Amino acid sequence: MIAPDKHRARKRFGQNFLHDPSIIQRIVDIINPQKQDHLIEIGPGKGALTTLMLERVTKLDVIEIDRDLVASLKTMLGNDDRLVIHEADALKLELSQFGQKDLRIVGNLPYNISTPLLFHLLTYKKCIKDMTFMLQKEVVNRICAKPGNKQYGRLTVMLQYYCEVESLFTIKPGAFNPSPKVDSAIVRLRPLKKPQHELLDHECLKIIVREAFSQRRKTIRNGLKNYISETDMKDLDIAPETRAENLEIADFVKLANRYHYLKINSL
Ligand code: SAM
């Protein structure tokens, strides 16, 4: 086992460890763990957030991929029976093994896997009460963007359709060791019990959103021409000359539902 202070950060695991106590405290305060909460931390690393959260809850599962860090966490905190340490890849995690509802997921996420991880966690949205993550500030801006903004894109639409999103605060590189090259930010996502607009088929939304944003400069008339006709767009009250970044989430849902309808009727 490598002592935590001797551990050399591994780039491939996106390791930037928090060392500023006031920032660590601020993050745990914003998570606001309650005794009865079931918390799951992704990427506990050397335990910066873990140790403080553990003081407040009766159940904390942590998921860490780096076996050296798992070994030192076990030495440091392993005899605390509120904590279960899993050596696993969060991208392959079956979240439902931890329970069917009200899970609270937290983490200072490895930046290199943050987008696929968010999409992976979204598949378990019914089991999740909320997720509080530290991400690259630019990714948080994309998650929370509004239509008409150049950061508004696929990540925005897919996450905002299913979750209420909130950007909380920014953290400078100096709070980490090693320092990342970019600012970070904390975001909170709360899966909605019932999304605002009824969607017939998740896969259709994924396809429409992906295609609409695949060439941002194109109008949706061109971007979606293999999926929905101009006549259908007009019928939905959506101007075919609009660009994807100017569509509201409700418009994407209307387009996805029409695509679903056209697909099943062409079978
Ligand atoms: N939470 C610690 C902190 O704030 O100091 C460490 C944060 S560091 C940015 C990301 C952590 O996620 C590292 O401990 C890294 O080993 C772990 N990690 C990277 N990829 C992972 C994966 N696929 N599954 C689980 N943990 C992963």
Helices (runs of 4 or more DSSP H) fully within the stretch 166-267 counting 2 or more residues that are among the aromatic types (Phe, Trp, Tyr): 249-265
Only one of 73, 77, 69, 83 is more than 19 Å from the chain's Cα centre (by Cα), within 7 Å of the ligand (Cβ to nearest atom), surrounded by 14 or more Cβ atoms within 10 Å (Cβ to Cβ) and in contact (Cβ under 8 Å) with a residue 24 or more places away in the chain. Can you tell me which? 69
Single residue of 90, 48 found to be within 11 Å of the ligand (Cβ to nearest atom), among the small types (Gly, Ala, Ser) and under 25 Å from residue 125 (Cβ atoms): 90
Out of the residues in the stretch 250-267 that are more than 14 Å from residue 206 (Cβ to Cβ) and surrounded by 14 or more Cβ atoms within 10 Å (Cβ to Cβ), which is nearest to the chain's Cα centre (by Cα)? 251
Subset of the stretch 25-38, residues on the phi < 0 side of the Ramachandran plot and more than 9 Å from the ligand (Cβ to nearest atom), comes to 25, 26, 28, 29, 30, 31, 33, 34, 35, 36, 37, 38
Quick one: would you say residue 91 is hydrophobic (A, V, I, L, M, F, W, C), under 17 Å from residue 155 (Cβ atoms), surrounded by fewer than 18 Cβ atoms within 10 Å (Cβ to Cβ) and in the same structural domain as residue 153 (by TED's automatic domain parsing)? yes
Check 85, 27, 113, 105 and return the single one that is in a helix (DSSP H, G or I) and touching a strand residue (DSSP E or B) at 6+ places or on another chain (Cβ under 9 Å). 27
Looking only at the stretch 102-122, decide whether some residue is of a type in the set (A, V, I, L, M) and more than 12 Å from the chain's Cα centre (by Cα). yes
Do you know which residues across the stretch 221-267 are modelled with pLDDT of 95 or more, farther than 14 Å from residue 154 by Cα and among the β-branched types (Val, Ile, Thr)? 228, 231, 238, 242
Positions within the stretch 126-135 being crowded, with 18+ Cβ neighbours inside 10 Å and of a type outside the set (Phe, Trp, Tyr), in sequence order: 127, 128, 130, 131, 132, 134, 135
Those residues of the stretch 189-215 which are more than 16 Å from residue 256 (Cβ to Cβ), surrounded by 14 or more Cβ atoms within 10 Å (Cβ to Cβ) and among the basic types (Lys, Arg), in sequence order: 190
In the stretch 16-24, is there at least one residue being on the phi < 0 side of the Ramachandran plot and away from the ligand (no atom under 13 Å from the Cβ)? yes
Those residues that are part of a loop (DSSP other than H, G, I, E, B), touching an Asp or Glu at 6+ places or on another chain (Cβ under 9 Å) and more than 17 Å from residue 9 (Cα to Cα), I need them from the stretch 37-82; list them, please. 37, 56, 57, 58
Among the residues of the stretch 98-119, is any surrounded by 17 or more Cβ atoms within 10 Å (Cβ to Cβ), more than 14 Å from the ligand (Cβ to nearest atom) and not aliphatic (A, V, I, L, M)? yes
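The values are calculated or read from the model by the stated rules, or taken from the named source; none is laboratory data. As the structure is a computational prediction, the values presented were derived from the model and not from experiment. We place every Cβ from the backbone using ideal geometry, glycine too, and count neighbours over all the protein chains shown.
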